[in-house]
Amino acid sequence: MRETGTKGTATLSRPARFDILFEPLRIGPVTTKNRFYQVPHCNGMGRAYPSPMAAMRGVKAEGGWGVVCTEQCDIHYSGQHQRELRLWDAQDIPALARTTEQIHAHGALAGVELAHNGGHVANLESRAVPLAPSAEATRSLYPGTARAMDKNDIRAFRRWHREAALNARRAGFDIVYIYAGHSMTLPINFLSRSRNKRTDEYGGSLENRARLLRELIEDTKEAVGDTCAVAVRFCVDEMIGDRGITADGEAREVIALLGELPDLWDVNLANMGHDGATARFEPEGWQEKYVAFVKGLTSKPVVGVGRFTSPDTMAAMLRSGTLDLIGAARPSIADPFLPTKIEQGRFDDIRECIGCNICLAFDSMGAPFRCTQNPTTGEEWRRGWHPETIPPKDTGDTVLVVGAGPAGLEAARGLGQRGYEVILCEAGRELGGRVTREARLPGLATYGRVRDWRVGQLKRMKNVQVLPGNDVTADLVLEAGCSLVAVATGAFWRADGVGRHHRDPVPGLADGLPVFTPDALMDGKLPQGRVVVYDDDHYYMATVLAERLADAGCEVVFVTPEPIVAAFTQFTAEQKRVQRRVMERCAAVHTSTALVRTEPGTAYLACTYTGRESAVPADAVVPVTGRLPRDALYQELTALEPGALEAAGIRRVARVGDALGPGIIAAAVHSGHLFARTLDTGLTDRTPYRRENVTPDWDQPFPPTGGAA
């Protein structure tokens, strides 16, 4: 054991078996102080919100990551991603320099992922015709075709990439990436037989298909290799079988061919549904079987990912020789201070990623990302929130928090950290509310980490009193002697079928078939026989309940008004896996179909386009359509006679989390944290966060048209 840090007045240490995680490592001309490597990841901020993006990266550097990388950074308008960074020319350097400054301020290396998305994008902003190795339909749904690159295009692409590398060095980056990953950039598309149908020296044999990647590595090394490390992010398996690159096939040949050229190999899978698999479908470290071969074919450092949250798993990856650096995206979002906590032996303080992909979802929707575990991410610059510190209390309030679900736990934890005297009451005997119940459903066990981390923190706080088994009434609130009351009593699932599709109750649900709400199923009350699961929620709940019912022997008919199953999970990059699971486990799946009425023994369905009805035999219905706040206590308190609250010493009653507005768990946690920081969750006339407005340069000249004089 070795002393490495302190928390409060206690001296903490880490076991010697984790020393390997803190050994420096040389990467070409630069050296990382440890083996914690935040790989490039999207965040929904990018060029639209450069200050929040820079602050977010800076906090990770502060948290001990040896290398902190940007998201992908477009090098040219002909291959642009709508939301990410760009480095088209010198005009883009200042925003990126702000990022490197914040990363370097804490002793970390800064990496940038240069990218050209080829035929993966439709170039909706620039309106340029996309480029690809061979003519192909663009990967987006926008109708369009990427044109095959000619030799002039290839030379131009190499020139754009080299200039972007030089600008990256000018911006202060230490590691410059060539992005050949996720089946979404030109280098990997040239490598892949499924996308490259060329017959010239850039097509055909693997050596020809690898020619462009070789040239990019050599160009970048020549341009910046004396001061910057040159990394290749490489997809070792496209997950499409022999039609593409596979870990037991051409990926090995690529590494054998080019293995010694770059300074670092960052290896992953395609596409994000695989590389960023949710915990519902893949465990921690699951990519090891795909990437383990790489170290045997190159002497250069190798970084890989696997949603690593366990220090033992991380150390084992290094000791086994599978990896040289522990790559992380989602775990670095859930806990930016993960390296520091391991270094200091503060293992119980690690906020483990739950693998829900809510971070990815909001980026996919074009919004700044967020995290179920870490409510401060994305708020570092906007609100000045820090994941580890919070201002000490600045009022004399005592606080009663009613409800120990995700919002109530986070509110009590944050208030306790600030130094407030807090009473946390929970009607049930278990803490955790919805996360405890949902964590028992198929594939959602990691959701329990939302509860476990917060309960563990609360147990150390002498100023927070936790009282399970206490069903709080309005009279008890008045007698509690607290000046602030946070009602975090959650929400309940509707039984009447009202949701996005139906604005009025579904006829027959009240007196036709037996109705089992998600709450009833999570309480252990299961139907038997033929069950219709009607999903108008479109996230995970209906599909995991369908699995639960199938496990119990029910014959499940899955019905949704959307054209696909669990439509929201397109944003969490798991929709195809979810739909396949539902189709495998259910007796029938009806998409673009609504439940319209029931009668004993029968559920009637209707096509959402034609209205054409059909009937299916059914013994029960599970409507997963919408939730309502469980806010009766709040309504009762705010309806008291004028002066009653003041007479009891209560100056404010606020709803928190699902009791304010039912939503995802991340929203509930954020609401609880907001209350802890501000002592309120209400709307005000003042914008509660900083906005970043880009000042237009009205005098900037128009670019030349290129026409004849």
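Quick rundown of the values:
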item: Dipole axis of the chain (+1 Lys, Arg; -1 Asp, Glu on Cβ), positive-most option in Leu513, Val582, Gly428; result: Val582
item: Stokes-Einstein D (µm²/s) once Rh is taken as the Kirkwood radius of segment 50-122 over alpha-carbon pairs, at 4 °C in 1.567 mPa s; result: 103
item: Fraction of accessible area attributable to carbon and sulfur, the chain (%, probe 1.4 Å); result: 50
item: Loop-resident sites, segment 64-143, for trypsin sites (Lys or Arg not before Pro), counting at most 16 other Cβ within 10 Å (DSSP); result: Arg127
item: Only Lys, Arg (+1) and Asp, Glu (-1) charged, at Cβ; segment 288-413 dipole about Cα centre in debye; result: 400
item: Beta bridges by DSSP in the chain, antiparallel share as percent, to the nearest 5; result: 25
item: Average accessible area per residue (Å²) across the chain - probe 1.4 Å, nucleic acids and ligands excluded; result: 40
item: Gap separating the Cα centres of segment 626-704 and segment 499-532, nearest whole Å; result: 32
item: Potential lengthening between Arg503 and Leu640 on full extension [0.36 nm per residue; Cα-Cα distance subtracted]; result: 46.1 nm
item: Normalised alpha carbon radius of gyration of segment 491-568 [divisor 2.2 N^0.38 Å]; result: 1.05
item: Efficiency of FRET from Cβ geometry, Thr678 and Ser592, R₀ 51 Å, rounded to 0.05; result: 0.70
item: Cα centroid separation, segment 228-277 to segment 80-138 (Å); result: 20
item: Positive dipole terminus of the chain, leading residue within Gly626, Gln457, Leu645 (C-beta point charges); result: Gln457
item: Mean separation of Cα contacts under 8 Å, 6 or more apart, over the residue count of the chain: relative contact order %; result: 11
item: Which of Trp493, Pro130, Val669, positive extreme of dipole for the chain (C-beta unit charges); result: Pro130
item: Candidate residues Trp698, Trp65: accessible-area rank, largest first, probe 1.4 Å; result: Trp698, Trp65
item: Label-to-label distance, nm, for residues given as Asn152 and Met365 (7 Å Cα→Cβ offset); result: 4.5
item: In sequence order, calculated HN-Hα J values of segment 588-597 (Karplus, 6.51, -1.76, 1.60; Hz; x Gly/Pro); result: 7, 10, 10, 9, 6, 9, 10, 6, 10, 5
item: Dipole magnitude of segment 8-151, debye to nearest 20 (Cβ charges: Lys/Arg +1, Asp/Glu -1, about Cα centre); result: 260
item: Student exercise, segment 524-587 dipole from Lys, Arg, Asp, Glu Cβ charges, in Debye to nearest 20; result: 180
item: Three-way shape label, segment 583-709, alpha-carbon gyration tensor, a/c 1.5; result: oblate
item: Segment 208-290: GluC sites (Glu not before Pro) falling in loop per DSSP and having at most 14 other Cβ within 10 Å; result: Glu260
item: From the coordinates shown, Cα Rg over 2.2 N^0.38 Å corresponds to which of (i) 1.16; (ii) 1.02; (iii) 0.96; result: (ii)
item: Contact order normalised by residue count of segment 494-595, Cα under 8 Å, 6+ apart, percent; result: 25
item: Relative contact order (%) - segment 176-333, alpha-carbon pairs under 8 angstrom, separation at least six; result: 20
item: Loop GluC sites (Glu not before Pro), segment 51-94 (other Cβ atoms within 10 Å of the site Cβ: 10 or fewer; DSSP); result: none
item: For segment 21-35, 3J(HN,Hα) per residue [Karplus equation, 6.51 cos²θ - 1.76 cosθ + 1.60, θ = phi - 60°, Hz, x = Gly/Pro]; result: 6, 10, 7, x, 8, 7, 10, x, x, 10, 10, 8, 6, 8, 9
item: Inter-centroid distance (Cα atoms) of segment 432-493 relative to segment 310-326, Å; result: 36
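The values are calculated or read from the model by the stated rules, or taken from the named source; none is laboratory data. All values reported here derive from a predicted model rather than from experimental measurement. Heads up, the Cβs are rebuilt from the backbone with ideal geometry, glycines too, and the neighbour counts pull from every protein chain shown. Heads up: the accessible areas ignore ligands, DNA and RNA and are worked out on the full protein's heavy atoms, side chains in. Shrake-Rupley method; radii C 1.70, N 1.55, O 1.52, S 1.80 Å.
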